[in-house]
Amino acid sequence: MSGWVKIAGLGPGNEDLVTPEVSAVLAEATDIVGYIPYVARVAERPGLTLHASDNRVEIDRSQHALQMAAEGKRVAVVSSGDPGVFAMAAAVFEALENGPAEWRNIPIDVLPGITAMLAASARAGAPLGHDFCAINLSDNLKPWSLIEKRLRLAAQGDFAMAFYNPRSKSRPEGFVKTLEILREECEPERLILFARAVSRGDEAIRISTLAEATPDMADMQTVVIVGSSLTRVIERNSTPIVYTPRFTPAKDQE
């Protein structure tokens, strides 16, 4: 079989953060498949066909990619950030598992990218420097009751937390509820980082506390990082540094 599928992460936005491995695959591909704004990041060239589709059709585009590869095409399925983090890699494998048996012989590789949460953490310092978790606050594919359970348990476990898809126009109440839950479980001084459009021209980084945070500080282009109880700020003349120490005192383990 001459066709293949490469599931590629385009990073958080700046082209300098696209890995050489991904750039090489984009140059070799005959077809690019993905969500409209991500496909738009791939330069057109002779011999390359762009297949852009709307949001919430991940399985359809995965099936399309696999079928084209079965026909001998070299298909790159693109996501922002890393394709294995709330993105297209899992969707492609879901389509593969439920698709025709012959698709299982298609060569498939996942090419990692820099995730939004890691880019945001790097901009601020190292707020994810110790144990952390990532939670997608969208309830499109899972019930809100499960999101709430995970939020509470993560807060009770004193994890730093990175939130994806915090607040959309269609469901702004989700982040309102998130802040309410955090205020029930955490101290008012808990640090929160709002990182919007990281690595792009309109990047904005805002450091707040749980007591000061408001829902309108986040939108769908924002990654929210909530520190653990040990996360701290180093004040200085330039931009402050937020970091979580690599150690936990023995008294905090009890």
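The values are calculated or read from the model by the stated rules, or taken from the named source; none is laboratory data. Remember, predicted model here, so these are calculated numbers, not experimental data. Quick reminder, even Gly has a Cβ in these numbers, built from the backbone with ideal geometry, and neighbours come from all protein chains shown. The area values use the complete protein model at the heavy-atom level, side chains included, leaving out ligands, DNA and RNA. Shrake-Rupley method; radii C 1.70, N 1.55, O 1.52, S 1.80 Å.
Descriptive notes on the structure:
- Global geometry of the chain, whether rounded, prolate or oblate, following the gyration tensor of its Cα atoms and the 1.5 cut on a/c: prolate
- Straight-line cross-link reach from Lys169 at under 25 Å between alpha-carbon atoms covers these lysines, not counting any fewer than eight positions away in the same chain: Lys142, Lys149, Lys177.
- Label-to-label distance for Gln156 and Phe247 is 2.9 nm, based on points extended 7 Å past Cα in the beta-carbon direction.
- Extension gain (nm, one decimal) between Glu189 and Asn140, 0.36 nm per residue minus Cα-Cα: 14.5 nm
- Accessible area of the chain belonging to carbon and sulfur atoms, whole % at 1.4 Å probe: 51 percent
- For the stretch 55-170, the solvent-accessible area with a 1.4 angstrom probe is 48 square angstrom per residue.
- Seen from Ala91, the other residues with C-beta closer than 15 Å to its C-beta sum to a net charge of -2, counting Lys and Arg as +1 and Asp and Glu as -1.
- Only helices enter the 222 nm calculation for the chain: every DSSP H run of n ≥ 4 contributes -39,500 (n - 2.57), and dividing by all residues gives -8500 deg cm²/dmol, rounded to 500.
- Relative contact order (%) - the chain, alpha-carbon pairs under 8 angstrom, separation at least six: 19 percent
- When the square roots of the Cα gyration tensor eigenvalues are ordered a ≥ b ≥ c, the ratio a/c for the stretch 104-254 is under 1.5, which makes its shape rounded.
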